[in-house]
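Shown next, in structure tokens, is the structure this report addresses.
What follows is calculated from the coordinates using simple rules that are stated; it is not laboratory data. Since the structure is predicted, the reported quantities are computational estimates derived from the model, not experimental observations. Note that each Cβ is placed from the backbone with ideal geometry, even for glycine, and that neighbours are counted across all protein chains shown.
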Amino acid sequence: MRIMLITPPLTQLNTPYPATAYLKGLYVAQGHEVRQLDLGIEVADRVLSADFLSSIGLEREARLIEPVKRFLRGHDDTLAPRIAARTLLPEGPRFAQADDLEWPFGTAGTTDKARHLATLFIEDVADFVRNQVDPHFDLVRYAEHLSCDAPTFDPLYAELHTPPSAVDRILLALLEEEVRSFVPERVDITIPFPGCLYGALRCGQWLMQHTVARVELGGGFPNTEWRQLNEPRLYEFCHTVVIDGHPEAIDLCPDFSDLPFDKYLSLSEMTIPMHRLWSEGRWNKMVMAQGCYWHRCAFCDTTLPYIGRYRAPRATDVVDRMERIVSQTGRTGFHFVDEALPPNLLRQVADEIVARHLVVSWWGNIRFERTYTAELCQLLARSGCVAVSGGLEVASDRLLRLIDKGVTIQQTVDACRHLRQAGIMVHTYLMYGFPTETLQESVDALETVRQMFSQDLVQSAFWHRYAMTCHSPSGREPERFGARRTTLEPNPFCNNEVDWAPIDRADGEPQFDYDIDAVGSALRVATYNFMNGLGLERPVRSWFPIRVPNPSATPKKPHKSRR
């Protein structure tokens, strides 16, 4: 059977999303003829082209876009001094944030500075396209506003029955070229994120109208949002929605061999080092083990099989796959996209990499456990580990116990110290607004984060507000956590995040007797400054626009970083 695998726009511009590569590895092993197509990078390449920009009146940008793309693809580093000098590129609104680039880049970081400025140029162009030509377009998503938390199909369905937009026409022209060339009998379209749904359905709509190929939709978004689907109109755009399909694909080596690696753009969206890993470099995305070995956190969708069903391969198989992927892509960097890398397997993989004398670089998500001793972290660094991310979440030992995170603040601090001493960069995810969280705990959490930045235990962090999902322990049994669901009937279209309300305290007072939005804003602003090395000596109370208590933790005087 001839099978076409499609990643619709848009995911990332620097590297391919791995779902189709895993499916190709499976289907080729089964004897099928397979072609995979990353329509995200193909659409972006056509939009960010001299022909298209000239057609929408961006004449100066049209003259510069191809040289800038060559530079961002690593094909012409000699352009860096001209870009860094800020004499070549037109500077639109995005450049307002580029007034002081000396502190992140200094005078020696010419190439890095130029990549950041070239990215701002690309973002200015994308903003113009979105504002003046096609409201759906963005560099990392496509019509996402129609897909996020969509209880009904109505708005998206209506949009799909309007004439195709300018970018839609590019998307469909690319699809038609590939279909006419390959003539698939089946087309599998992966939908990893909400920002890919509209593009996926535009493709499915065209395929259903113009081909006899069987159209199947699957991926992270359907597996999360469509488990209670009750929308017959969706089948105007596909024949089948696949839920929990193809688990055996994870046991095989992904096949990236026919993806256009020369087209991906290494962007530098932010100057913070850890954030740059997401958008810079052509990382080979790969899964080390299926699912999460812990799968107990109260906020996580642990009831979904792709998280709760844990299976680990042999370390030798993991490293064999790494070597095969390097031969396919010519790239030695790996981003392991596991929910949480299992430390025992990680040790074995690191030993195997060192034993084979492989020169690779890698990073991924971990849990900050006591397992991460100084000795293990040194081994990980020798094997090529350059960075890790992990969840400190609520940064409160009481709340960490409540959510069954399985780690303490002290264990996190110890793990981060050992990682940093080994030269490994650390990013942490943080959460506020979990049921029963007090204002005092929010202030204490920020103080903990301040101390970790001041001691160089973390290099970047991000706060998000707690969201209750129907697939998480806190969503399935909210009363255990001091909350109640305010809606119980499923939506006909998308079902993941659910409405909830806190249960009032025993004394009748509300749980959140403070402005939670003001607290969230203060946490994000303060942490952004900490990432830039600013405000570490300020009392954490000063970041809040509302009256807050002093932190319970004893403030520690910041010391100079060992970096």
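Figures for the structure shown
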item	result
Potential extension, N529-V337 segment - 0.36 nm per residue separation minus Cα distance	66.3 nm
Order by protection proxy (mean Cβ within 10 Å, highest first), peptides 316-327, 447-458	447-458, 316-327
Distance in nm between pseudo-label sites at R480 and A501 (7 Å out along the Cβ direction from Cα)	2.4 nm
Region 195-274 and region 44-70: distance between their alpha carbon centers, rounded to Å	28 Å
Inter-part distance where region 464-537 and region 137-164 are each reduced to a Cα centre, Å	26 Å
MRE, 222 nm, helices only [DSSP H, n ≥ 4, -39500 (n - 2.57), over the chain, to nearest 500]	-11500 deg cm²/dmol
Peptide ranges 206-213, 338-345 listed from the most packed, as the mean C-beta count within 10 angstrom indicates	338-345, 206-213
Summed residue charge, Cβ within 14 Å of I546's Cβ, Lys/Arg positive, Asp/Glu negative	-1
Projected-area average for region 283-543 over all orientations - Cα convex hull basis, square nanometres	15.5 nm²
Potential lengthening between R401 and T316 on full extension [0.36 nm per residue; Cα-Cα distance subtracted]	27.0 nm
The chain: Lys pairs at Cα distance under 22 angstrom, eight or more positions apart or on different chains	6
With 10 Å bins from 0: P(r) over region 287-391, alpha-carbon pairs, percent	15, 48, 30, 7, 0
Residues T487 and T373, FRET efficiency given R0 of 35 Å [Cβ-Cβ distance, rounded to 0.05]	0.15
Virtual spin-label span in nm between E66 and F95, 7 Å along Cα→Cβ	2.3 nm
Using a Förster distance of 35 Å, the FRET efficiency for V242-S49 (Cβ separation, nearest 0.05)	0.55
Convex hull volume per residue for region 1-45, taking Cα atoms only, in Å³	56 Å³
The chain - share of DSSP beta bridges that are antiparallel (%, nearest 5)	15 percent
Packing-based ranking, highest mean first, of 408-420, 159-171 given that Cβ atoms within 10 Å are counted	408-420, 159-171
Net lengthening on full extension, A467/E33 (0.36 nm per residue, minus Cα-Cα)	152.0 nm
Net charge contributed by nearby residues that have their C-beta within less than 14 Å of L48 (K/R +1, D/E -1)	-3
